[in-house]
Amino acid sequence: MYMQWILNPITLYSAVALALMGCLALFLSTKVELESVRRMAVSARQDLQSMREAAVKVEEEPQAAPAPVPTLPVPAASGLNLSKRAQALRMHRRGEPVPSIAAALQAPQGEIQLLLKVHTLLNQQR
C-alpha cells in the first residue's frame, strides 16, 4: 500500500529526468574543463614558440669579443710558509733587524714582528 507510489509513472519519469539532468551537468562540466585545458595548452605552445624564436635570434647574433680584463698587479702573498718562517727565525738569531728580514723574505714588517713575538712567547712558556 505504501509502496504504490514507486510504480506510479510520474515517479519513474521524474527519476529518469533527474538522472538525465545529472548526466547533462557532468557532460557540460567536462566540456568546460577540457576547454580550459585546451586554452592552457595553446598558451604553453605559444610561449614555447616565442622562446624558440628568441633562442634562434640569440644564436644568429654575432658574438662580440669579450672586453679584455685589465690585469692588476699581483699583491704580495700574505702569510709565511714554514720555510720562510724558519728562515726569518734564523736571520733573527743571527741578529739581523726586522726591516732587513722583511725585505729579504718579501713580507710585511708587521708580519715578521708578530712572528718573532709569538716565537718569544712560546719559548718563554717552555
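Taken together, the values in this text are just the output of simple stated rules run on the coordinates, not laboratory data. These numbers come from a predicted model, not from an experiment. Please note: Cβ atoms are built from the backbone with ideal geometry, for glycine as well, and neighbour counts cover all protein chains shown.
For Lys84, the lysines whose Cα comes closer than 26 Å to its Cα, not counting residues fewer than 8 places off in the same chain, are Lys117.
Fewest-first ordering of Glu59, Glu111 by other beta carbons within 10 Å of each residue's beta carbon gives Glu59, Glu111. Judged by the ratio a/c of the largest to the smallest principal axis of the C-alpha gyration tensor, region 4-60 counts as prolate, that ratio being 1.5 or greater while a/b is larger than b/c.
Let me check against my output: what whole-number percent is the relative contact order of the chain, with C-alpha pairs under 8 Å and at least 6 apart?
On the way: 26 pairs, mean separation 17.7, N = 126.
Relative contact order here is 14 percent.
How large is the helix-only mean residue ellipticity at 222 nm for the chain, computed as the sum of -39500 (n - 2.57) over DSSP H runs with n ≥ 4, divided by its residue count, in deg cm²/dmol to the nearest 500?
-24500 deg cm²/dmol
With neighbours defined as other Cβ atoms within 10 Å of a residue's Cβ, the residues Lys117, Lys84 order from fewest to most as Lys117, Lys84.
The slack between Leu122 and Arg93, meaning 0.36 nm per residue of separation minus the straight C-alpha distance, is 8.9 nm. Its residue count N fixes a reference of 2.2 N^0.38 Å for the chain, and the Cα radius of gyration divided by that reference is 3.23.
Over all pairs of different C-alpha atoms in region 82-125, the reciprocal of the mean inverse distance, the Kirkwood hydrodynamic radius, equals 10.3 Å.
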